[in-house]
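What follows is a set of notes on a single structure, which appears directly below.
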Amino acid sequence: MGTGTSLGRVRGLGSAHSGSHHWWLQRVTAASNLVLLIWFVVSIARLPVLDHQAVVLWLKSPLAAVPLLLLVISVFWHLRLGLQVFIEDYVHEEGGKIALLLLLNAYAIGAATLCVFSILKIAFGGVPA
Amino acid sequence: MAHNPARPLSPHLSIYKWGPHMLVSILHRATGTALAIGGGVIFAWWLTAAAMSPAAYNIFYHWVVQADPASLHASTQRLANILAKIVGVGLTWSFFQHMASGIRHFVLDTGAGYELKTNRLGSILTLAFSIVATILFWAVIAGKY
Ligand code: HEM
């Protein structure tokens with residue numbers, strides 16, 4: 001921080017090397033989280049039981065599987081962006097920062113892919129109820 | 001930059017006077033982080049187990065939701081269920097708090113709501129909302145689990 005001209009900093013030479021696009025995506029995913037998570041919480045509260053059969057039958061409907069897929073993408077994207085800022089704010093040592101950011105990406109992409117695959121497998125009938 | 005020593009340095013957490021806005025600000029970060037790690041892992045475990053097999057799902061179900069009386073580990077599971085319920089209440093409260101505070105962020109992003117009284121009231125409202133919503137949510141599902 002503090003190096004270069006004001007214009008240079010605006011162009012992405014600040015401490016995180018970029019910014020406004022990240023900030024905007026955090027808001028966009030926050031808005032989609034809001035809609036999708038309200039749907040999810042209401043759906044879960046309305047399921048009479050939470051056993052295996054109930055979950056599998058629920059996810060066989062495209063009207064459950066598709067919103068849940070969108071939710072996974074939105075939430076894991078949002079939390080990846082959010083934790084990135086957390087790390088940039090508190091971890092000042094460059095090596096540790098890069099290692100943690102790599103770990104964060106592995107977690108967010110890995111867990112999201114696991115969720116997407118699982119939803120599709122259930123939705124396409126790959127799991128007997 | 002000219003420096004006037006009579007003015008307080010900011011932020012200086014150890015001498016700051018706490019107010020609801022500060023609490024809500026740091027809670028947004030704390031709840032977001034808790035949801036991202038705790039919520040994300042439990043959610044992914046739940047979905048993956050459901051996609052693997054009824055047996056894999058039952059491991060999740062018996063250790064988190066409800067112990068299996070026939071299991072050798074029934075008493076450990078009952079203990080785990082209590083812990084899971086505490087974590088669950090914590091995560092649902094975190095969710096409602098983060099959600100309300102996130103909506104407050106949208107308002108503040110437009111440049112509105114920075115008057116001292118309004119700002120303070122908004123932050124208190126997010127806390128009131130998250131507590132009421134958590135109680136309501138658990139009241140609705142209480143009969144089931
Ligand atoms: C209910 C819908 C949600 C809304 C409206 C929302 C809103 C927001 C907003 C506006 C921010 C940016 C705050 C800032 O710029 O300082 C943010 C940050 C964050 N959110 Fe969310 N969010 C939601 C759900 C979630 C969920 C479900 C998770 C995790 C699974 C999450 C994790 C985070 C994290 C880790 C941050 C970064 C916190 C920080 O850097 O201080 N959010 N959220």
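The values are calculated or read from the model by the stated rules, or taken from the named source; none is laboratory data. In this text, all values refer to a predicted model and were calculated from it rather than measured experimentally. Cβ placement follows ideal geometry from the backbone for every residue including glycine, while neighbour counts extend to all protein chains displayed. To get the accessible areas, we keep the full protein, side chains included, count just its heavy atoms, and leave off ligands, DNA and RNA. Shrake-Rupley method; radii C 1.70, N 1.55, O 1.52, S 1.80 Å.
Observations on the model:
- Measuring with a 1.4 angstrom probe and ignoring ligands and nucleic acids, B:H73 comes out at about 100 Å² accessible.
- Most mobile of A:V56, A:V41, A:V72 in a GNM of chain A (Cα contacts under 10 Å): A:V41
- Degrees, to the nearest 10: B:74-109 long Cα axis against longest axis of chain B: 30 degrees
- Rounded to the nearest 20, the size of the Cβ-charge dipole of the protein assembly as shown about its Cα centre is 400 debye, with Lys and Arg at +1 and Asp and Glu at -1.
- Against chain B, whose longest principal axis comes from its Cα atoms, helix B:20-34 is set at around 40 degrees.
- Summarising the amide proton neighbourhood of B:Q66: residues at separation of 5 or more, or on other chains, whose placed amide H is nearer than 5 Å comprise an empty set.
- Selection from B:T76, B:A30, A:V116 lying farthest towards where the dipole of the protein assembly as shown points positive, charges on Cβ: B:A30
- What the Cβ-Cβ distance of A:A129 and A:S6 gives, at R0 = 45 Å and to the nearest 0.05, is a FRET efficiency of 0.15.
- Buried area at the B:A interface is about 2800 square angstrom, summed over both chains, from accessible surfaces computed with a 1.4 angstrom probe.
- For A:E93, the solvent-accessible surface with a 1.4 Å probe is about 120 Å², rounded to the nearest 10.
- Net charge dipole size for region B:20-142 [Lys, Arg +1 and Asp, Glu -1 on Cβ; Debye, nearest 20]: 200 debye
- Note on surface exposure: B:Y57, B:Y16, A:Y107, B:Y114 rank B:Y114, B:Y16, A:Y107, B:Y57 by accessible area, highest first, 1.4 Å probe.
- Length gained when the stretch B:T76-B:A55 is fully extended (0.36 nm per residue, less Cα-Cα span): 5.7 nm
- In region B:1-95, the trypsin sites (Lys or Arg not before Pro) that fall in loop regions by DSSP, at most 13 other Cβ within 10 Å: B:K17
- Phi-derived couplings, Karplus 6.51 cos²θ - 1.76 cosθ + 1.60 at θ = phi - 60°, listed residue by residue for region B:36-47: 5, 8, x, x, x, 5, 5, 4, 5, 4, 4, 5 Hz, with x used for Gly and Pro.
- Computed with the Debye formula from one identical point scatterer per Cα of region B:20-142, without solvent, the log10 of I(q)/I(0) at q = 0.09, 0.11, 0.15 Å⁻¹ comes to -0.35, -0.50, -0.77.
- Of A:E94, A:E88, the residue with the largest accessible area leads and the full order is A:E94, A:E88 (1.4 Å probe).
- The Rg/Rh ratio for region A:20-129 is 1.07, where Rg is the radius of gyration of the alpha carbons and Rh is the Kirkwood radius.
- Set of lysines near B:K144 by C-alpha distance (under 16 Å), chain-local residues within fewer than 8 positions excluded: B:K85
- Computed from point charges on the beta carbon alone (+1 for Lys and Arg, -1 for Asp and Glu), the dipole magnitude for chain A about its Cα centre is near 340 Debye.
- Carbon-plus-sulfur accessible fraction, region B:20-142 (probe radius 1.4 Å, protein heavy atoms only): 78%.
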